[in-house]
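The values are calculated or read from the model by the stated rules, or taken from the named source; none is laboratory data. Bear in mind that the values here come from a model prediction, so they are computed numbers and not experimental data. Using ideal geometry, Cβ is built from the backbone for each residue, glycine included, and neighbour counts are taken over all protein chains shown. What goes into the accessible areas is simple: the full protein's heavy atoms, side chains included, and nothing from ligands, DNA or RNA. Shrake-Rupley method; radii C 1.70, N 1.55, O 1.52, S 1.80 Å.
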Amino acid sequence: MTGLLAPEATPIPARIPRQARTRTYVMCRPDHFEVSYRINAWMDPDKPTDRELAIAQWEDLRALFIELGHHVRTIDAAPGLPDMVFAANGALVVDGKALISRFHHPERQAEARLWAEWFRQQGYTESQVVQAAFTSEGEGDYVTTGGAILAGNGFRSDPRSQAEAEALFGRPVVSLKLVDPRFYHLDTALAALDDDEIVYYPGAFDPQSLRVLRQLFPDAVLADEEDALAFGLNLVSDGRNVILPEPATALAGKLRAHGFRTHRVDLAELLKAGGSVKCCTLEIRD
Ligand code: ARG
């Protein structure tokens, strides 16, 4: 396992010491994982997958979150829903309210009801569990920052869901258009490192969205195509520790130069379905 106990060294001392904030995450063990259909450019049902290995890699990720002091809850995996391991897609949770996803592809639509049930079981009231009226794939396409919620569209989430999120959470939602089918969810091309710091791969966005990103985040860390293809942007940060896929070595170096501690995890089995660290992790903001 990579980096479970020893974070990678920080060669350049951080100007500002980075502060970690304890997070609550929900994850779904890949008990029914397989690649039996193709709904993104990474999936190839003809390639074999190893479910035991997927579970072991996922367990390593969960153990790392716990070791870093975070709370991890789980939702039960359901047979026939092989992509349910990608918990980030199930909802967007801000200020104790959950916007339950409406999935674009029929293959995943049954996940929504299970997520709504899960939130009710956790004690959320009816008014705190809101079913999206338009296609919306949770934290796959929504990245919450201190100021605004950034919202991706172009492949999955319907831009009309953005007004819905804005009304529900009372926070500004900034629309970003994705243009490269390899980076079909916002969380494959952009990540929040801290409340007001982000990292993104410019090649995934249309020119208008790039202008918006440059204006809002002039100091953002920029990832290159190689970082993005290694699924490096599909990371989770607690403000100090950044957990990212093992092959994203160059991006890990850039983030350490910005004062973050990086932890690389091997989720190669799950990447066969087009997901990695962030896709497996839904943050609960109560
Ligand atoms: N096979 C899944 C899909 O295409 C992968 C989702 C990955 N999750 C993510 N947040 N990008 O829907």
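Of note, LEU150 does not satisfy the criterion of being touching a helix residue (DSSP H, G or I) at 6+ places or on another chain (Cβ under 6 Å), within 16 Å of the ligand (Cβ to nearest atom) and not hydroxyl-bearing (Ser, Thr, Tyr). Which residue pairs have Cβ atoms under 7 Å apart, sit 6 or more places apart or on different chains, and have a first residue in the range 156-185 that is under 17 Å from ASN40 (Cα atoms) and a second that is within 16 Å of the ligand (Cβ to nearest atom) and among the charged types (D, E, K, R)? Close Cβ pairs (under 7 Å, with a partner that is within 16 Å of the ligand (Cβ to nearest atom) and among the charged types (D, E, K, R)) amount to ARG156/GLU137; ARG156/ASP141; SER157/GLU137; SER157/ASP141; TYR184/ARG156; HIS185/GLU137; HIS185/ASP141; HIS185/ARG156. Just one of the numbered conditions (1) part of a helix (DSSP H, G or I); (2) free of Cβ contacts under 8 Å to residues at least 12 places away in the same chain; (3) within 16 Å of the ligand (Cβ to nearest atom) is not true of GLU52: (3). Checking LEU176, LEU244, LEU233, LEU255 one by one, the residue that is assigned to a helix (DSSP H, G or I) and at pLDDT 95 or above is LEU255 and no other. When restricted to residues that are away from the ligand (no atom under 16 Å from the Cβ), open to solvent by less than 40 Å² (accessible area, probe 1.4 Å) and part of a helix (DSSP H, G or I), the range 64-112 contains 2. Taken together, the residues in the range 182-191 that are assigned to a loop (DSSP other than H, G, I, E, B), within 11 Å of the ligand (Cβ to nearest atom) and over 13 Å from ALA220 (Cβ atoms) amount to 3.
Within the range 130-153, the set of residues being outside any helix (DSSP H, G or I), in contact (Cβ under 8 Å) with a residue 40 or more places away in the chain and either within 17 Å of the chain's Cα centre (by Cα) or under 21 Å from MET84 (Cα atoms) (or both) comprises SER136, GLU137, ASP141, TYR142, VAL143, THR144, THR145, GLY146, ALA148, ILE149, LEU150. If you go through the range 131-144 and keep only what is away from the ligand (no atom under 15 Å from the Cβ) and surrounded by fewer than 20 Cβ atoms within 10 Å (Cβ to Cβ), you end up with GLN131, ALA133, PHE134.
Screening the range 192-230 for residues that are in a helix (DSSP H, G or I) and of a type in the set (Gly, Ala, Ser) and picking the one that is nearest to ASP266 (Cα to Cα) gives ALA228. The set of residues from the range 273-286 being assigned to a loop (DSSP other than H, G, I, E, B) and either within 15 Å of the chain's Cα centre (by Cα) or near the ligand (Cβ under 9 Å from one of its atoms) (or both) comprises ALA273, GLY274, GLY275, SER276, VAL277, THR281, ARG285. Being more than 19 Å from GLY69 (Cβ to Cβ) and of a type in the set (Asp, Glu) is the filter here; which residues of the range 238-258 pass it? Scanning the range 238-258 gives a single hit, GLU246. The set of residues in the range 228-286 being open to solvent by less than 20 Å² (accessible area, probe 1.4 Å) and without any contact (Cβ under 8 Å) to a residue 24 or more places away in the chain consists of ALA230, GLY232, ALA248.
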